[in-house]
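Enquirer: Just dropping this structure here.
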Amino acid sequence: MHDRGLDAWPADGGVMPAPTPAQRQLVAGVAALTRWSRITSPEDRTAATAAARRAASRKWELQADPDGILTPDELAAAVDRLKKAHYRRMALRSAQARSGKGRTAA
């Protein structure tokens, strides 16, 4: 018997209410884990994420050099600096959140 889980329609044929953000996150997590459970070799995992890695790399390159005038070495250095700034910004926000300074009043 196939378990349809969260994607099953109501038994009475009614309209399903829209899922909450938390429910959507859970469903997406189940889908991702199920997909990756079927991709077992490191080569297949690398191939499955190749397009996303290329797109992310291109995004960083366009942000660093929107006019396309930098040499490959200059571009690599600029991308590296952008990434360092991005991750330091994330670390700062994380530290602020942990200290309570990034929280809003409830």
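Enquirer: Please pick out the residue among ARG45, ARG98, ARG81 that is surrounded by 10 or more Cβ atoms within 10 Å (Cβ to Cβ), within 19 Å of the chain's Cα centre (by Cα) and in a helix (DSSP H, G or I).
Expert: So the residue among ARG45, ARG98, ARG81 that is surrounded by 10 or more Cβ atoms within 10 Å (Cβ to Cβ), within 19 Å of the chain's Cα centre (by Cα) and in a helix (DSSP H, G or I) is ARG45.
Enquirer: What pairs come out if I take residues in segment 53-69 that are acidic (Asp, Glu) and pair them with residues that are surrounded by 12 or more Cβ atoms within 10 Å (Cβ to Cβ) and assigned to a helix (DSSP H, G or I) whose C-beta lies under 7 Å away, six or more apart or interchain?
Expert: Pairs found: GLU61/LEU75; GLU61/VAL79; ASP65/LEU75; ASP65/ALA78.
Enquirer: While we're on this one: Output the qualifying pairs, or none if there are none: Cβ atoms under 8 angstrom, residues six or more apart or on different chains, first residue in segment 11-32 and touching a residue at least 60 places away in the same chain (Cβ under 8 Å), second residue in a helix (DSSP H, G or I) and surrounded by fewer than 10 Cβ atoms within 10 Å (Cβ to Cβ).
Expert: Partner pairs satisfying both residue conditions: none exist.
Here's the yes/no breakdown for (1) modelled with pLDDT of 95 or more; (2) of a type in the set (A, V, I, L, M, F, W, C); (3) within 18 Å of the chain's Cα centre (by Cα); (4) surrounded by fewer than 10 Cβ atoms within 10 Å (Cβ to Cβ):
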site	(1), (2), (3), (4)
ASP3	no, no, no, yes
GLY13	no, no, no, yes
PRO19	no, no, no, no
GLN25	yes, no, yes, no
ALA56	yes, yes, yes, no
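Enquirer: Would you say LEU62 is over 17 Å from the mean Cα position of the chain (by Cα), part of a helix (DSSP H, G or I) and either surrounded by 10 or more Cβ atoms within 10 Å (Cβ to Cβ) or at pLDDT 95 or above (or both)?
Expert: yes
Enquirer: Here's something else I'd like to know. Which pairs turn up if I take residues in segment 70-84 that are on the phi < 0 side of the Ramachandran plot and look for partners that are outside any helix (DSSP H, G or I) and not small (Gly, Ala, Ser) with beta carbon separation below 8 Å, at least 6 apart in sequence or on another chain?
Expert: GLU74/ASP65; LEU75/ASP65; ALA78/ASP65; ALA78/LEU70
The values are calculated or read from the model by the stated rules, or taken from the named source; none is laboratory data. Since this is a predicted model, take the numbers as computed values, not measurements. Please note: Cβ atoms are built from the backbone with ideal geometry, for glycine as well, and neighbour counts cover all protein chains shown.
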